[in-house]
Amino acid sequence: MRISGCDSVTRLSQYIGEFHPLDHLNGSLGCNFTACIFNRYSANLADVFELEIMGQKYKIFLRAHRFVFEQHQLDRSPDIVINTSSKKLLKHLFRYLKKEQTPKLVYVTQEKGFKFFKKKINLITAGGGLVYNTQNQLLLIKRNGIWDLPKGKLEAEEDFKTGALREVEEECNVNALTIVNKLTNSYHLYDDGDTWCLKKTAWYIMQTENWEMAKPQLEEGITDIKWVSNEDLNIQELNTYSSIKTVLRQHLPLRGDI
């Protein structure tokens, strides 16, 4: 795919292999990027890319699509490649990906591309928990028909730990929570009306002894909850978001069904 206009992209065939133009889209915003589809495509590989910066791992999703910022982090040939970007260009790309059903791997070669995303896109902060009961079972919630982990946006002046604990209590009626340790941060893109947002969620491992009265917060679209052992949790088959699968994979030991 090629969107022509004010921005250009470096061909990466010298690094990855032969490429074939996918199609041509005319953007109404006057901004553009070049996108290439490569001949070694597979939609069934890992759901996550990792960007190593100062010893930390970053992950960005837009639904099932993912953005890669380092060549050595590519787990397959990318579908779209951009080397310069602007806020308008990114919004145009996001709209295209929102409609696209086939998962796309986007390779951003721009220097400090991840920091550019955080600077140019509205950043939303949230906290969530991987909550275990006294039987060592993990809490899952069904929100809008999709299995999820309890999480939510931080309130004004609220820190990540406090927000994560509050959200678990509110969404699941689980209290007497103890934070065991910080697990990771996840990042995903979503549109809030006319504004695109990058949500950063801080995830914590939690424990509770007061779990038997747990119930879903119906007004938040949560219709069911369940406690499941790690051994019974099949992440690959779980009907959940790619970003949640990534968080679970980072926490749980690798098994044949993951």
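Read-outs throughout are calculated quantities, based only on the coordinates presented, and are distinct from any laboratory measurement. Predicted, not measured: the structure shown is a model, and the values here were computed from it. Virtual Cβ from ideal backbone geometry, glycine too; neighbours counted across all protein chains shown.
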What ratio of Cα Rg to 2.2 N^0.38 Å holds for the stretch 123-251? 0.99
Under 18 Å by backbone N from the virtual spin label 7 Å along Cα-to-Cβ at residue 176, the residues of the stretch 124-153 are 131-139
Contact order normalised by length for the stretch 105-246, with contacts defined as Cα pairs under 8 Å and 6 or more residues apart; what percent is it? 31
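What is the gain in length, in nm to one decimal, between residue 195 and residue 158 on full extension, counting 0.36 nm per residue of separation less the C-alpha to C-alpha distance? Working shown, then result.
Numbers: separation 37, 0.36 × 37 = 13.32 nm, distance 2.30 nm.
Working it through step by step, the gained length comes to 11.0 nm.
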Return a whole-number percent for the relative contact order of the stretch 61-105, with Cα pairs under 8 Å and 6 or more residues apart as the contact set. 67
